[in-house]
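The values are calculated or read from the model by the stated rules, or taken from the named source; none is laboratory data. All figures in this text were calculated on a predicted structure; none of them were measured in a lab. Neighbour counts run over all protein chains shown; Cβ positions are idealised from the backbone, glycine included.
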Amino acid sequence: DFDARLSINSNDEIGSLAEAINNLAEDLQRYRDTRQEFFANISHELRTPITYLEGYSKVIKDRLYDTEAERDQYLDIIHQESQRLQRLVNDLFELAKMEEGKISLSLEWMDLTEITDNAVRKIQLKANEKGLQLNTHISRVVPLIYGDGLRTEQVLINLLENAVRYTEKGEINVYLKEESGFVYIAVEDTGIGIPDDEVPFIFDRFYRVEKSRSRQHGGTGLGLSIAKKLIELQGGELLVTSTIGQGTRFEIRFVRDEQEEPA
Ligand code: ADP
């Protein structure tokens with residue numbers, strides 16, 4: 001372990017230098033801890049689906065099943081876990097690029113009306129399959145925002161997928177509005193909600209409320225941390241409010257641009 005604290009008790013410049021060095025040492029230690037935790041998390045997340053793949057493919061290979069239906073069930077699990085691995089690897093790659101500042105945005109004047117329409121259309125089927133009503137309240141006259149249209153749509157799809165994933169019955173409402181200098185897209189669901197004391201952590205990498213339950217829902221725990229970074233890179237904000245047992249509301253908020261818009 002690591003203890004490089006300097007114990008110098010003086011109020012002069014040497015004293016404040018010692019304190020600065022101590023703070024630096026602490027920062028470094030914290031950085032090492034989070035790095036280690038990050039890699040521990042990655043290993044865990046990768047190991048879990050691999051364990052399933054290994055186990056169930058062996059069961060099938062050794063014909064340790066009684067019926068074809070049972071075998072199909074195992075094949076389903078193998079398929080799902082492969083998809084999870086794929087998502088995980090994609091998300092990790094995206095996150096790595098962002099953390100190194102290597103993600104390049106394609107900035108343009110975005111039409112949020114079109115973006116919201118597209119995202120909603122892509123999620124409609126999933127909502128229908130779960131018997132959830134998907135309602136839109138989309139203003140047709142919001143100002144264009146200077147940002148990355150594809151990434152914004154990607155974030156919105158992610159929020160909509162979460163809304164479907166964490167809602168068992170009721171509805172999902174999508175709003176696009178301009179209000180007091182902001183243009184925002186909100187996704188409101190009537191789902192399981194998030195406990196008050198966990199709300200501050202949901203944008204952290206790998207954080208999931210009630211781990212086992214979310215795993216069963218097929219998430220990676222990376223979606224929201226990526227989403228938040230993508231919106232902030234465009235100068236926007238991603239906000240959340242939630243009531244446990246009642247539902248959750250995410251809001252992508254952009255400041256209305258003062259600059260001249262293209263004609
Ligand atoms: P995941 O891939 O696990 O969904 P996210 O980063 O997208 O990861 O979300 C982090 C966690 O936040 C989820 O595991 C879930 O516990 C919680 N969460 C996200 N969206 C919602 C929602 N609409 N309703 C309730 N909980 C949510």
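One residue is enough: does segment 170-181 have a residue meeting the conditions acidic (Asp, Glu), under 21 Å from GLY245 (Cα atoms) and modelled with pLDDT under 95? Taking every residue of segment 170-181 in turn, none turns out to be acidic (Asp, Glu), under 21 Å from GLY245 (Cα atoms) and modelled with pLDDT under 95. Can you find a residue that is polar (S, T, N, Q) and surrounded by 11 or more Cβ atoms within 10 Å (Cβ to Cβ) anywhere in segment 61-71? No - not one qualifying residue is present in segment 61-71.
Can we say GLU100 is of a type in the set (Asp, Glu), modelled with pLDDT under 95 and surrounded by fewer than 11 Cβ atoms within 10 Å (Cβ to Cβ)? Against the criterion (of a type in the set (Asp, Glu), modelled with pLDDT under 95 and surrounded by fewer than 11 Cβ atoms within 10 Å (Cβ to Cβ)), GLU100 qualifies.
Any residue at all in segment 104-122 that is of a type outside the set (Val, Ile, Thr) and within 16 Å of the ligand (Cβ to nearest atom)? Yes, there is a match, as at least one residue in segment 104-122 is of a type outside the set (Val, Ile, Thr) and within 16 Å of the ligand (Cβ to nearest atom). In segment 228-251, the residues that are assigned to a helix (DSSP H, G or I) reach residues that are within 10 Å of the ligand (Cβ to nearest atom) with C-beta atoms within less than 9 angstrom, at least six apart or across chains, in these pairs: LYS228/PHE203; LYS229/PHE203.
Listed here are the residues, each with its yes/no results for (1) of a type in the set (Gly, Ala, Ser); (2) in a loop (DSSP other than H, G, I, E, B); (3) touching a Gly at 6+ places or on another chain (Cβ under 9 Å); (4) away from the ligand (no atom under 12 Å from the Cβ).
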site	(1), (2), (3), (4)
GLN124	no, no, no, yes
ASN135	no, no, no, yes
GLN154	no, no, no, yes
ILE172	no, no, yes, no
LEU176	no, no, no, yes
VAL187	no, no, no, no
ILE194	no, yes, no, no
ASP204	no, yes, yes, no
GLY221	yes, yes, no, no
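Each residue in segment 72-95 was checked for being charged (D, E, K, R) and either loosely packed, with under 13 Cβ neighbours inside 10 Å or outside any helix (DSSP H, G or I) (or both), and 2 pass. Within segment 48-70, residues that are of a type in the set (A, V, I, L, M, F, W, C) have Cβ atoms under 7 Å from residues that are in a loop (DSSP other than H, G, I, E, B) in these pairs: VAL59/TYR65, counting only partners at least 6 apart in sequence or on another chain.
Of the residues making up segment 225-245, not one is touching a strand residue (DSSP E or B) at 6+ places or on another chain (Cβ under 8 Å), near the ligand (Cβ under 9 Å from one of its atoms) and either on the phi > 0 side of the Ramachandran plot or at pLDDT below 95 (or both).
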